[in-house]
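The values are calculated or read from the model by the stated rules, or taken from the named source; none is laboratory data. Since the structure is predicted, the reported quantities are computational estimates derived from the model, not experimental observations. Every residue, glycine as well, gets a Cβ built from its backbone with ideal geometry; the counts of neighbours run over all protein chains shown. Note: accessible area is taken over every heavy atom of the protein model, side chains too, but ligands, DNA and RNA are not part of it. Shrake-Rupley method; radii C 1.70, N 1.55, O 1.52, S 1.80 Å.
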Amino acid sequence: MAPVTPTRDGAEEDRAIAGGLMASTRDWFETVEEAQHRARKRLPKSVYLALVAGTEKGLTASDNVAAFDEITWRPHVADLPGKRELATTVMGQEVSMPVLISPTGVQAVHPDGEVAVARASAAEDVAMGLSSFASKPVEEVGAAQQKLFFQMYWVGDRETILARAERARAAGAKGLIMTLDWSFASRRDWGSPPIPEKIDLKNALKFAPEVTLKPRWLATYLRSGSIPELTVPNLALGGEEPPNFFGAYGQWMGSPLPTWEDVAWLREQWGGPFLLKGVTRPDDARRAVDAGVTAISVSTHGGNNLDSTPGAIRSLPGVIDAVGDQVEVVMDGGVRRGADVVKAMALGARAVMIGRAYLWGMAANGERGVQNVLSIIRQGIDEALMGLGKASVHDLSREDVVLPPNFTRS
Ligand SMILES: Cc1cc2nc3c(=O)[nH]c(=O)nc-3n(C[C@H](O)[C@H](O)[C@H](O)COP(=O)(O)O)c2cc1C
């Protein structure tokens, strides 16, 4: 039987309509896997590979996804709830489902970049993390998305870091994300894709062969009248020229490595909701709580950092046991479907963040593609809740899943 998703209390026509809508069409994909397939077809090879990424052997990137497959359900069959509640709050924001947009530097995927992501996530009423390495200024993104968190690495001195955070606050950011899950591990066994320093004639000619093979991507940029800029506007202050990607990266590598004192300092200066991204160990989670954070994301930077770090979902239970009653714990890494969200919540997460899933969506169909991804995930959460006999995302518990022996790592 074809999969169907009831949108109201058991209405047959809704089931039929939803079933029909779920089949992929030219403008609609029914799974994130399909979005990735379309992204691979549409993006120039080096842009696509920069999104797939995964450092060294890609062990963590693979395990982020594979670990979810090891978690299995304990479904119920009767007394299933006719309506399911997906809404929750994360870092003080009311959101329609427990899914956040994880910050990514979305250079060159789509001319609308993070503004498209902002519009799509606002339309789906979920919160968005905006990378400080994003291609669009926080002011433009903040104008399109009220539920915005600004993400920062430790780049520059304290004064500069604070000034950037204040710029984001003025642009409407409601929370700060401090990312510590990047310690500059970067080699890839399959060969890192080349990133041009800027798009000039020389580079345009160099990349021309792979770009002309992707006419849809090229046409989208030509229609928008722009070329990928590869600048990092959110690192610039007071009308400075934005650095290019390599300039920004150089600044970052030349900055002192952040300490727990720095975390506590920035949290205190910011004063509002503050998420520390990248924690995988219970002892680090406790240090983060001591530093006063309001939330933690258990994250491996999508497997883009220290390879052989376990898939993020494996580290979640240990972090929940350590600090789950003191701060909001979310996770990111490998989430590709609503079922993954429900599995993470059954293990104690308040919400999840998604990265590549929405990037594939944007590559496949711009803003609508991002909305498409969020909508697929929403349907998947709803289906999993119904099958588990849960009326709300808040009712999930470890009783709803089976973990194989030795699943968790802490
Ligand atoms: C292309 C790409 C760029 C990223 N850039 C950032 C970034 O600028 N800041 C950040 O905190 N995390 C960044 N991340 C990590 C994501 O926020 C997130 O942790 C990761 O993508 C989650 O894994 P998933 O892609 O499997 O969902 C990036 C990830 C990817 C794939």
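Of everything in region 72-104, what is within 16 Å of the ligand (Cβ to nearest atom) and not in a strand (DSSP E or B)? Give them in sequence order. Reasoning before the result, please.
Let us first name the residues in region 72-104 that are within 16 Å of the ligand (Cβ to nearest atom), namely 90-91, 97-104.
Hits for region 72-104 are M91, M97, P98, S102, P103, T104.
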With respect to the numbered conditions (1) more than 16 Å from the ligand (Cβ to nearest atom); (2) in contact (Cβ under 8 Å) with a residue 12 or more places away in the chain; (3) surrounded by fewer than 18 Cβ atoms within 10 Å (Cβ to Cβ), which one is the sole condition not fulfilled by A66? (1)
For region 217-272, enumerate the residues that are among the small types (G, A, S), assigned to a loop (DSSP other than H, G, I, E, B) and open to solvent by 40 Å² or more (accessible area, probe 1.4 Å). G225, S226, G238, G239, G254, G271
Cβ pairs under 8 Å, 6+ apart or interchain, first in region 32-61 and touching a residue at least 24 places away in the same chain (Cβ under 8 Å), second among the charged types (D, E, K, R) and within 12 Å of the ligand (Cβ to nearest atom), ordered by first then second residue, are V32/R336; V32/R337; E33/R336; Q36/R356; L51/R356; V52/R356
Residues that are surrounded by fewer than 24 Cβ atoms within 10 Å (Cβ to Cβ), over 14 Å from the mean Cα position of the chain (by Cα), on the phi < 0 side of the Ramachandran plot and of a type in the set (S, T, Y): does region 113-135 have at least one? no
Give the number of residues within region 339-364 that are out of contact with any Leu (no Cβ under 8 Å at 6 or more places or on another chain), within 16 Å of T72 (Cα to Cα) and surrounded by 24 or more Cβ atoms within 10 Å (Cβ to Cβ). 3
Checking L59 against (1) more than 11 Å from the ligand (Cβ to nearest atom); (2) farther than 27 Å from R188 by Cβ, which test does it fail? (2)
When region 294-313 is examined, which residues are found to be more than 10 Å from the ligand (Cβ to nearest atom), open to solvent by 10 Å² or more (accessible area, probe 1.4 Å) and not hydroxyl-bearing (S, T, Y)? L306, D307, P310
Quick check, is V109 in contact with a strand residue (DSSP E or B) (Cβ under 9 Å, 6 or more places away or on another chain) and part of a loop (DSSP other than H, G, I, E, B)? no
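So which of E114, E166, E159 is in contact (Cβ under 8 Å) with a residue 12 or more places away in the chain and not in a loop (DSSP other than H, G, I, E, B)? Before the answer, list the steps.
Numbers: E166 fails: in contact (Cβ under 8 Å) with a residue 12 or more places away in the chain; E159 fails: in contact (Cβ under 8 Å) with a residue 12 or more places away in the chain.
Among E114, E166, E159, only E114 is in contact (Cβ under 8 Å) with a residue 12 or more places away in the chain and not in a loop (DSSP other than H, G, I, E, B).
Table: residues versus (1) away from the ligand (no atom under 16 Å from the Cβ); (2) part of a helix (DSSP H, G or I).
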position: P317; (1), (2): yes, yes
position: A322; (1), (2): yes, yes
position: A339; (1), (2): no, yes
position: V352; (1), (2): no, no
position: Y358; (1), (2): no, yes
Looking only at region 327-335, decide whether some residue is away from the ligand (no atom under 16 Å from the Cβ) and out of contact with any helix residue (DSSP H, G or I) (no Cβ under 9 Å at 6 or more places or on another chain). yes
Subset of region 169-192 (residues that are assigned to a helix (DSSP H, G or I) and exposed (fewer than 14 other Cβ atoms within 10 Å of the Cβ)): A170
